[in-house]
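So the structure is just underneath, and the comments pick up after that.
The values are calculated or read from the model by the stated rules, or taken from the named source; none is laboratory data. Computed from a predicted structure; not experimentally measured. Cβ sites come from the backbone with ideal geometry, for glycine too, and all protein chains shown count toward neighbours. Accessible surface is based on the protein model in full, side chains and every heavy atom, while ligands, DNA and RNA are left aside. Shrake-Rupley method; radii C 1.70, N 1.55, O 1.52, S 1.80 Å.
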Amino acid sequence: MPTFNRVTAETITVLQNIVGDENVSIREHDRKSHSVDVSGHEPHISEVVVWASTPEHVAKTLKFASDANIAITPWGAGTSVEGNPIPVYGGILLSMARLNKIIALYPNDLQATVQAGVKFRELNEKLAPHGLFFACNTGGDATIGGLLANNAAGPKAVKYGAAKDNVLSLQVALTNGELITCGSRSIKQSSGYDLTHLFVGSEGTLGVITSATVKLVPIPQHICAIVANFSTVQSAINTVISIKHNGLDAGALEFMDADFARFLTHSESSGVSLEPYPTLFMEFYAGDADGLQACIRAVQSICVQNAAISFSSTTNDVERDKLWAARYAAYTYCQTVFADHHLLTTDTAVPISTYATLVQYIERDLKQRGLVGFMLGHAGDGNMHVILPYANDDEKRAVYAFNAALVEFSLELGGTATGEHGVGIGKREFMRLEHGLAFDVMYRLKQMFDPKGVLNPGKVF
Ligand SMILES: Cc1cc2nc3c(=O)[nH]c(=O)nc-3n(C[C@H](O)[C@H](O)[C@H](O)COP(=O)(O)OP(=O)(O)OC[C@H]3O[C@@H](n4cnc5c(N)ncnc54)[C@H](O)[C@@H]3O)c2cc1C
């Protein structure tokens with residue numbers, strides 16, 4: 001277990017000199033509001049919260065923390081679900097919330113350069129008049145820096161990819177006080193090592209992203225949402241595979257199990273009514289209205305071939321938004337219904353041909369262990385979340401044992417412990433199993449970028 005120096009009165013003075021008095025707080029309220037994300041992991045309170053408002057603030061604060069051997073944890077919006085920004089060793093909590101300027105929009109290049117603390121929703125509001133949007137978005141009100149640091153994905157990744165697929169260049173502050181720029185604004189880049197994608201997904205353990213040039217995409221004009229029910233998981237997943245093979249322009253291919261469909265229907269605030277069967281929520285795009293109708297017919301035909309028991313489609317924006325609002329708020333409904341519980345969310349991902357095997361395994365294992373778990377999956381990417389409520393230590397042990405077995409099974413299927421939430425606290429124990437010797441290479445990189453191990457300690461390793 002690493003040991004770090006404590007924050008002292010002298011530390012506070014140095015930090016105030018770097019970022020200004022108004023950007024340093026030791027108030028309990030500020031420290032508590034940056035002590036836990038939306039996961040069920042235990043909160044930890046930092047000793048001081050620092051808000052950086054320039055890249056130089058970040059670089060100087062990092063160098064100071066490293067020289068003084070004080071733990072320092074970056075914080076975007078705290079919407080992670082794996083404990084990623086929890087300051088488990090106390091020390092300095094470095095908030096990026098005030099590094100929130102949109103530096104430049106390049107509509108003709110379909111690019112934007114933004115500071116790391118810009119939230120993707122705010123960016124998309126600014127982009128709407130240009131007919132563009134940043135496509136990597138999640139249900140949480142996350143920052144661009146946080147999305148990149150976790151390599152987050154979400155329902156639209158089946159079309160637009162994860163955060164890593166939507167970034168061209170980064171400015172990053174290092175623990176030695178340097179500010180480096182990786183990548184360029186060119187779409188094609190084969191110049192040297194790809195440092196940009198080393199920092200993406202590193203969860204703030206190698207450096208702190210201060211700004212990013214991200215890719216933008218046109219807002220689709222002709223969109224339909226489709227909901228289909230199936231009597232078996234296998235037929236739902238076969239439908240997803242057929243749709244992918246068919247080359248239809250799917251913007252989302254989301255799976256939910258019968259229990260979750262029932263749960264959503266009974267959550268008054270969800271406003272949707274679903275049959276209690278394995279369900280697909282889908283979205284498709286086309287260049288014009290006729291093309292969209294042809295697409296709906298093609299999807300319906302695939303669903304019928306796979307013995308769908310119900311099929312409904314809508315091109316109405318309000319109805320579509322209602323469905324997606326219900327899907328995006330799924331985690332929040334669970335939090336509300338299980339208010340006196342913690343939630344564990346699994347995040348394994350497997351090759352799509354094995355997805356039905358994974359779902360059947362989960363159904364069987366939940367039953368054998370007598371656990372309650374709801375399945376929500378980004379089926380188009382082979383990514384599955386099981387949301388498991390637990391209320392006491394015994395239940396916690398049981399859901400964690402389920403998760404460990406699920407990770408092992410997913411790795412056997414050729415998958416990964418975490419498709420989009422990152423390693424954070426909960427997936428660290430699986431890193432050796434998943435990566436073997438490559439995990440040692442990761443550790444050597446960590447030592448090179450952060451020799452004292454002060455940057456977001458207790459995560460990934
Ligand atoms: C309702 C809801 C739905 C969600 N749905 C999805 C989903 O579908 N898919 C998905 O992938 N995620 C989802 N999430 C999780 C979450 O939105 C993502 O993990 C997101 O990437 C977190 O971004 P953040 O700005 O909140 O970062 P934080 O949670 O604050 O931090 C994320 C990690 O990055 C580090 N960090 C933060 N900023 C920087 C920076 N500038 N430079 C370097 N490191 C930094 C932190 O130390 C931490 O390790 C959901 C969350 C909620 C609440």
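Just to confirm my numbers, what's the Cα centroid distance between the stretch 161-231 and the stretch 1-17 in Å? Here the two parts' Cα centres lie 32 Å apart.
With one equal scatterer per alpha carbon and no solvent term, the Debye-computed log10 I(q)/I(0) for the chain at 0.06, 0.12, 0.14 1/Å reads -0.26, -1.07, -1.39.
Of Phe263, Phe230, the residue with the largest accessible area leads and the full order is Phe263, Phe230 (1.4 Å probe). When the alpha carbon gyration tensor of the stretch 119-174 is reduced to an equivalent ellipsoid, the three semi-axes, largest first, read 17, 14, 11 Å. Available extension along the chain between Ser242 and Lys164 is 25.4 nm, counting 0.36 nm per residue and deducting the alpha carbon span. Express the Stokes-Einstein translational diffusion coefficient of the stretch 306-461 in µm² s⁻¹, to the nearest whole number, given a Kirkwood radius over alpha-carbon pairs, 4 °C and a viscosity of 1.567 mPa s. In µm²/s, the coefficient rounds to 73.
Which value results when the Cα radius of gyration for the stretch 141-271 is divided by 2.2 N^0.38 Å? The stretch 141-271 yields a ratio of 1.38. The listed residues Ser313, Ser211, once ranked by accessible area (1.4 Å probe) with the largest placed first, stand as Ser313, Ser211. Note on Ile223: accessible area approximately 20 square angstrom, rounded to 10, probe 1.4 Å, nucleic acids and ligands left out.
Computed with a 1.4 Å probe over protein heavy atoms only, the accessible area of His222 comes to about 60 Å².
Stretched out straight at 0.36 nm per residue, the stretch from Asn392 to Thr54 would grow longer than its current Cα-Cα span by 117.3 nm. Could you pull out every one of the lysines with an alpha carbon less than 28 Å from that of Lys427, ignoring same-chain neighbours closer than 8 positions? Straight-distance partners of Lys427: Lys32, Lys119, Lys156, Lys159, Lys164, Lys367, Lys396, Lys446, Lys452, Lys459. In the chain, the longest principal axis of the Cα atoms and the axis of helix 289-305 are about 70 degrees apart.
Looking at the square roots a ≥ b ≥ c of the eigenvalues of the Cα gyration tensor of the stretch 86-160, which shape do they give, rounded for a/c under 1.5, prolate if a/b is larger than b/c, or oblate? Oblate, because a/c is 1.5 or more while a/b does not exceed b/c. Here's the picture: charge each Lys and Arg Cβ at +1 and each Asp and Glu Cβ at -1 in the stretch 1-156, and of Phe134, Ile12, Leu93 the one pushed furthest to the positive end of that dipole is Phe134. Gain on full extension, evaluated as 0.36 nm per residue between Asp317 and Val337 minus their Cα-Cα distance, stands at 4.4 nm. At the listed q of 0.28, 0.29 Å⁻¹, the Debye profile of the stretch 404-461, built from one uniform point per Cα, gives log10 I(q)/I(0) equal to -1.22, -1.26.
Here the scattering of the stretch 1-148 is modelled by Debye summation over its C-alpha atoms, one equal scatterer each and no solvent; at q = 0.11, 0.19 Å⁻¹ the log10 of I(q)/I(0) is -0.45, -1.10. Relative to the longest principal axis of the C-alpha atoms of the chain, give the angle of the C-alpha long axis of helix 393-412, reported between 0 and 90° and rounded to the nearest 10°. With both axes taken from Cα atoms, the answer is about 70 degrees.
Taking every Cα-Cα distance in the stretch 290-344 and sorting them into 5 Å bins from zero, the calculated P(r) comes out as 4, 16, 15, 14, 17, 12, 10, 8, 4, 1 percent. Oblate is the label for the stretch 214-334, because a/c, from the alpha-carbon gyration tensor with a ≥ b ≥ c as root eigenvalues, is 1.5 or above and a/b does not exceed b/c.
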